[in-house]
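Following: one structure in structure tokens, then a few remarks.
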Amino acid sequence: MKVIEPNAESRLLTPAEVAAMFRVDPKTVTRWAKAGKLTSIRTLGGHRRYAGNEVDALIRESQSGN
């Protein structure tokens with residue numbers, strides 16, 4: 001698991017928020033994280049969160065057809 005350094009521009013997204021952006025099920029987002037496609041961090045309660053800037057980059061990449 002990678003360590004994400006938060007900065008003022010990044011926001012943390014829940015699996016449901018990421019899933020809504022990609023129009024997929026939240027479990028799919030979790031599978032992407034396990035496969036290394038997305039980096040997740042864990043809250044103190046054990047919940048996954050995703051860096052908004054990384055999600056935005058993945059959206060741009062998927063829209064460009066790469």
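None of the figures in this text is laboratory data; all of them are computed from the coordinates on show. Everything numeric in this text was worked out from a predicted model, so none of it was measured. In this analysis, Cβ positions are derived from the backbone assuming ideal geometry, glycine residues included, and neighbour counts consider all displayed protein chains.
Quick notes on this structure:
- Fraction in percent of alpha-carbon pairs per bin - 10 Å, region 12-64: 27, 62, 10, 1
- Only one residue of Ser40, Asn53, Val18 has its Cα farthest out toward the positive end of the dipole of region 12-64, where Lys and Arg carry +1 and Asp and Glu -1 on Cβ, and that residue is Ser40.
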